[in-house]
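Undergrad: Questions regarding the structure given below will be posed in turn.
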Amino acid sequence: THYRATLARNPANWLAHGNLGAILRRDDPQQALAHLTEAVRLKPDLVEGHYNLATVLQQVGRLDEAAAQYREVIRLAPTHARAYCNLGNTMQQLGLLAEAERAYGESIRLSPRLALAHSGMCRLLLASGRLGEARASCETAVALDPGLPPAHRDLADVLLEEGRIDEAIREYTLALRLNPDEADAHAHIAAAFQQAGRFDEAIGHFREAA
C-alpha cells in the first residue's frame with residue numbers, strides 16, 4: 001500500500017518500483033514484471049532489480065529473457081554467486097548443459113558454501129549420466145544445508161538411479177518432511193515405492209502429486 005501510494009505521487013520512483021516488484025513476485029508475477037521492468041529502465045545499474053526481474057522471468061517460463069537478465073547482473077556485479085547459480089538453472093532448463101555446468105562451477109568458485117549451486121550441479125551431472133560426481137555434489141549440498149528440501153530430493157534421485165531404492169526413499173521422505181507440498185518429491189517417491197513393489201504407498205504419493 002505504501003509503495004503504491006508513493007508511485008501514485010511519483011511514478012518515476014525506481015526504488016518503489018523495485019521494492020513493490022520484489023514483494024509481488026510470488027503472488028502476482030505479471031505485476032511484478034511490470035514494476036521490475038520499470039525499475040531497471042529508470043535505474044539501469046540496479047543490480048537487485050535485474051536479479052529480481054530475472055527470477056520472475058524464469059518463474060513464468062521466459063527463459064531466454066531470464067538468462068539475459070542474469071548475465072546483466074553478472075556484468076554489473078561479477079561476484080554475484082546466486083546469479084551464476086540461477087543462470088545455471090536457466091541454462092539447464094534450456095537444455096544447454098555445458099553452459100549450465102560453467103555457470104554452476106563459477107557460482108561454487110565464488111561461494112563454495114552455496115548449497116543451491118551444489119544441488120544444481122548435482123541435477124546437471126545426473127542428467128549427464130555422471131552418477132558418482134552427481135552423488136558427491138548432492139552430498140555436499142545436504143551437508144552444507146540439511147534443511148534444503150531440493151538437496152535431499154536431488155540426492156534421492158541419484159540414489160534411485162543407482163538402484164539404491166531404500167536409501168532413495170529415506171531421502172525423499174526427508175525432503176517431504178521439510179516441504180510436504182512439493183509435487184515433484186511426491187511423484188519421485190511414488191516411483192521409488194513402485195520400484196520397491198510397495199504399490200499402495202506409490203498410489204498415495206502419485207495422488208498427492210496430482
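The values are calculated or read from the model by the stated rules, or taken from the named source; none is laboratory data. Since the model is a prediction, treat every value here as computed from it, not as a measurement. FYI the Cβ positions are ideal-geometry reconstructions off the backbone, even for glycines, and counts take in every protein chain you see. Ligands, DNA and RNA are stripped out before the accessible areas are found, and what is left, the full protein with its side chains, is counted by its heavy atoms. Shrake-Rupley method; radii C 1.70, N 1.55, O 1.52, S 1.80 Å.
Undergrad: Out of all the residues in the stretch 42-52, is one or more buried (at least 17 other Cβ atoms within 10 Å of the Cβ), small (Gly, Ala, Ser), under 19 Å from the mean Cα position of the chain (by Cα) and modelled with pLDDT of 95 or more?
TA: Checking the stretch 42-52: at least one residue is buried (at least 17 other Cβ atoms within 10 Å of the Cβ), small (Gly, Ala, Ser), under 19 Å from the mean Cα position of the chain (by Cα) and modelled with pLDDT of 95 or more.
Undergrad: In this structure, does residue 2 turn out to be more than 27 Å from residue 123 (Cα to Cα), more than 17 Å from the chain's Cα centre (by Cα) and open to solvent by less than 50 Å² (accessible area, probe 1.4 Å)? Give the steps one after another, and end with the answer.
TA: Values: more than 27 Å from residue 123 (Cα to Cα): yes; more than 17 Å from the chain's Cα centre (by Cα): yes; open to solvent by less than 50 Å² (accessible area, probe 1.4 Å): no.
The answer is no for residue 2.
Undergrad: Further, regarding this structure: I'd like to know if the stretch 146-153 contains one or more residues that are among the aliphatic types (A, V, I, L, M), in contact with a helix residue (DSSP H, G or I) (Cβ under 6 Å, 6 or more places away or on another chain), modelled with pLDDT of 95 or more and assigned to a helix (DSSP H, G or I).
TA: no
Undergrad: Right, something else. For the list (1) modelled with pLDDT of 95 or more; (2) within 19 Å of residue 91 (Cβ to Cβ), I need the number of the one condition that residue 129 fails.
TA: Among (1) modelled with pLDDT of 95 or more; (2) within 19 Å of residue 91 (Cβ to Cβ), residue 129 violates only (1).
Undergrad: Within the stretch 110-132, which residues are assigned to a helix (DSSP H, G or I) and surrounded by fewer than 16 Cβ atoms within 10 Å (Cβ to Cβ)? Spell out the reasoning first.
TA: In the first step, residues of the stretch 110-132 are kept if they are assigned to a helix (DSSP H, G or I); the result is 110, 115-127, 131-132.
Once the filter is applied, which keeps residues that are assigned to a helix (DSSP H, G or I) and surrounded by fewer than 16 Cβ atoms within 10 Å (Cβ to Cβ), the stretch 110-132 yields 127, 131, 132.
Undergrad: Only one of 48, 65 is without any contact (Cβ under 8 Å) to a residue 40 or more places away in the chain and closer than 20 Å to residue 106 by Cα; which? Walk me through it before giving the result.
TA: Values: 65 fails: closer than 20 Å to residue 106 by Cα.
Exactly one residue qualifies, and that residue is 48.
Undergrad: Let me ask something additional. Might you check whether a residue that is within 26 Å of residue 15 (Cα to Cα), open to solvent by less than 60 Å² (accessible area, probe 1.4 Å) and not basic (Lys, Arg) occurs anywhere in the stretch 86-109? It would help to see each step written out before you state the result.
TA: Within the stretch 86-109, the subset within 26 Å of residue 15 (Cα to Cα) is 86-87.
With open to solvent by less than 60 Å² (accessible area, probe 1.4 Å) added as a condition, the list becomes 86-87.
So of that shortlist, the ones also not basic (Lys, Arg) come out as 86-87.
Within the stretch 86-109, one or more residues are within 26 Å of residue 15 (Cα to Cα), open to solvent by less than 60 Å² (accessible area, probe 1.4 Å) and not basic (Lys, Arg).
Undergrad: Are there any pairs with C-beta distances below 7 angstrom linking a residue in the stretch 7-20 that is within 16 Å of residue 44 (Cβ to Cβ) to a residue that is assigned to a helix (DSSP H, G or I) and small (Gly, Ala, Ser), with the two at least 6 apart or on different chains, and if so which?
TA: Between residues of the stretch 7-20 that are within 16 Å of residue 44 (Cβ to Cβ) and residues that are assigned to a helix (DSSP H, G or I) and small (Gly, Ala, Ser), the close pairs are 14/39; 17/39; 18/39; 18/49.
Undergrad: Please go through the stretch 53-73 and pick out each residue that is surrounded by fewer than 23 Cβ atoms within 10 Å (Cβ to Cβ), over 18 Å from residue 120 (Cα atoms) and among the aliphatic types (A, V, I, L, M).
TA: Listed by number, the residues that qualify are 60, 68.
Undergrad: Which residues, counting only those in the stretch 10-21, are open to solvent by 30 Å² or more (accessible area, probe 1.4 Å) and either touching a Lys or Arg at 6+ places or on another chain (Cβ under 6 Å) or of a type in the set (A, V, I, L, M, F, W, C) (or both)? Give the derivation first.
TA: As a first pass, look at the stretch 10-21 and keep what is open to solvent by 30 Å² or more (accessible area, probe 1.4 Å): 10-15, 19.
Once the filter is applied, which keeps residues that are open to solvent by 30 Å² or more (accessible area, probe 1.4 Å) and either touching a Lys or Arg at 6+ places or on another chain (Cβ under 6 Å) or of a type in the set (A, V, I, L, M, F, W, C) (or both), the stretch 10-21 yields 12, 14, 15.
Undergrad: Which one of 176, 126, 144 is of a type in the set (A, V, I, L, M, F, W, C) and over 18 Å from residue 105 (Cβ atoms)? It would help to see each step written out before you state the result.
TA: Details: 126 fails: over 18 Å from residue 105 (Cβ atoms); 144 fails: over 18 Å from residue 105 (Cβ atoms).
The match here is 176.
Undergrad: Does any residue of the stretch 174-195 turn out to be among the charged types (D, E, K, R), more than 20 Å from residue 70 (Cβ to Cβ) and buried (at least 17 other Cβ atoms within 10 Å of the Cβ)? Break it down into steps so the answer makes sense when it comes.
TA: Initially, the stretch 174-195 is screened for residues among the charged types (D, E, K, R), giving 177, 181-182, 184.
Filter again for more than 20 Å from residue 70 (Cβ to Cβ), leaving 177, 181-182, 184.
When the remaining residues are screened for being buried (at least 17 other Cβ atoms within 10 Å of the Cβ), the result is 182.
Scanning the stretch 174-195, I find at least one residue that is among the charged types (D, E, K, R), more than 20 Å from residue 70 (Cβ to Cβ) and buried (at least 17 other Cβ atoms within 10 Å of the Cβ), so the answer is yes.
Undergrad: Anything in the stretch 166-186 that is under 11 Å from residue 209 (Cβ atoms) and in a helix (DSSP H, G or I)? List them, or say none. Steps first, please.
TA: In the first step, residues of the stretch 166-186 are kept if they are under 11 Å from residue 209 (Cβ atoms); the result is 176, 181-186.
Hits for the stretch 166-186 are 176, 183, 184, 185, 186.
Undergrad: Within the stretch 143-159, restricting attention to residues that are among the aliphatic types (A, V, I, L, M) and surrounded by fewer than 21 Cβ atoms within 10 Å (Cβ to Cβ), which residue is farthest from the chain's Cα centre (by Cα)?
TA: Looking only at the stretch 143-159, we keep the residues that are among the aliphatic types (A, V, I, L, M), and these are 143-144, 148, 151, 155-156, 158-159.
Going one step further and asking which of them are surrounded by fewer than 21 Cβ atoms within 10 Å (Cβ to Cβ), we end up with 143-144, 148.
Details: 143: 18, 144: 16, 148: 11 Å.
Ranking the qualifying residues of the stretch 143-159, first place goes to 143.
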